[in-house]
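S.K.: First the structure, which I've put down as structure tokens, then a few questions once you've had a look.
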Amino acid sequence: MKIENIKPEGYVMKGVYTPAKKIDLGDNYLIFVSGVQAPAGDVNEVATEDIKEQTELVFQEISDILKEAGATLDDVVKAVIYLKDISDFEIVSPIRAKYFKNSMPVSTMVEVGGFVRKGSKIEIEVTAFISK
């Protein structure tokens with residue numbers, strides 16, 4: 001079994017991890033994408049405090065990571081969404097529905113106490129499955 005680290009060009013990481021792992025299953029690939037928070041370059045904070053803007057930025061970054069792995073948001077089979085404030089569900093849910101309208105992945109959404117990036121209100125991790 002071959003496992004490939006996926007990192008889009010210019011992707012800035014804080015810590016020791018990889019943005020995604022692409023696992024060769026023979027006829028298919030399984031792709032695990034690390035939790036993504038709204039990007040802010042090499043600083044440990046987010047680019048915006050707005051939950052709607054953060055959510056859009058997170059989905060764009062996930063899309064970029066999946067593209068590097070040869071996949072799209074339509075290939076996502078599982079999504080886990082962490083929210084700082086569960087009342088943001090009403091804002092995040094329609095955005096989530098827009099990006100996952102074709103894949104309709106199994107999902108979990110939970111409220112958490114905090115995130116690594118200062119000001120972050122959301123983090124999303126996904127798993128995708130594609131054929132060769």
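S.K.: Please work out which residue is nearest to Ile31 (Cα to Cα), limiting yourself to segment 75-132 and to residues that are surrounded by fewer than 16 Cβ atoms within 10 Å (Cβ to Cβ) and at pLDDT below 95.
M.R.: Out of the qualifying residues, it is Lys132.
S.K.: Hey, can you tell me all the residues within segment 49-101 that are in a loop (DSSP other than H, G, I, E, B), touching a residue at least 60 places away in the same chain (Cβ under 8 Å) and farther than 16 Å from Val126 by Cβ? Reasoning before the result, please.
M.R.: Taking segment 49-101 as the starting set, the residues that turn out to be in a loop (DSSP other than H, G, I, E, B) are 49-50, 69-72, 84-85, 100-101.
Now restrict to residues that are touching a residue at least 60 places away in the same chain (Cβ under 8 Å): 49, 69-70.
Glu49, the sole residue that qualifies.
S.K.: Using the structure shown, decide if Ile51 is over 12 Å from the mean Cα position of the chain (by Cα), among the hydrophobic types (A, V, I, L, M, F, W, C), open to solvent by 70 Å² or more (accessible area, probe 1.4 Å) and at pLDDT 95 or above.
M.R.: no
S.K.: Ser34 fails exactly one of the following numbered conditions: (1) surrounded by fewer than 15 Cβ atoms within 10 Å (Cβ to Cβ); (2) in contact (Cβ under 8 Å) with a residue 12 or more places away in the chain; (3) among the polar types (S, T, N, Q). What is the number of that condition?
M.R.: Unmet for Ser34, out of (1) surrounded by fewer than 15 Cβ atoms within 10 Å (Cβ to Cβ); (2) in contact (Cβ under 8 Å) with a residue 12 or more places away in the chain; (3) among the polar types (S, T, N, Q): (1).
S.K.: Out of Lys132, Lys78, which single residue is more than 16 Å from the chain's Cα centre (by Cα) and closer than 21 Å to Phe32 by Cα? Walk me through how you get there before you give the answer.
M.R.: Working: Lys78 fails: more than 16 Å from the chain's Cα centre (by Cα).
It is Lys132.
S.K.: Quick check on my filter: what residues within segment 58-72 are more than 10 Å from the chain's Cα centre (by Cα) and crowded, with 20+ Cβ neighbours inside 10 Å? Lay out the reasoning, then the answer.
M.R.: Step one: filter segment 58-72 for residues more than 10 Å from the chain's Cα centre (by Cα), giving 67-72.
Hits for segment 58-72 are Ala69, Ala71.
The values are calculated or read from the model by the stated rules, or taken from the named source; none is laboratory data. Note that the structure is predicted; figures quoted are calculated from it, not measured. We place every Cβ from the backbone using ideal geometry, glycine too, and count neighbours over all the protein chains shown. Note: accessible area is taken over every heavy atom of the protein model, side chains too, but ligands, DNA and RNA are not part of it. Shrake-Rupley method; radii C 1.70, N 1.55, O 1.52, S 1.80 Å.
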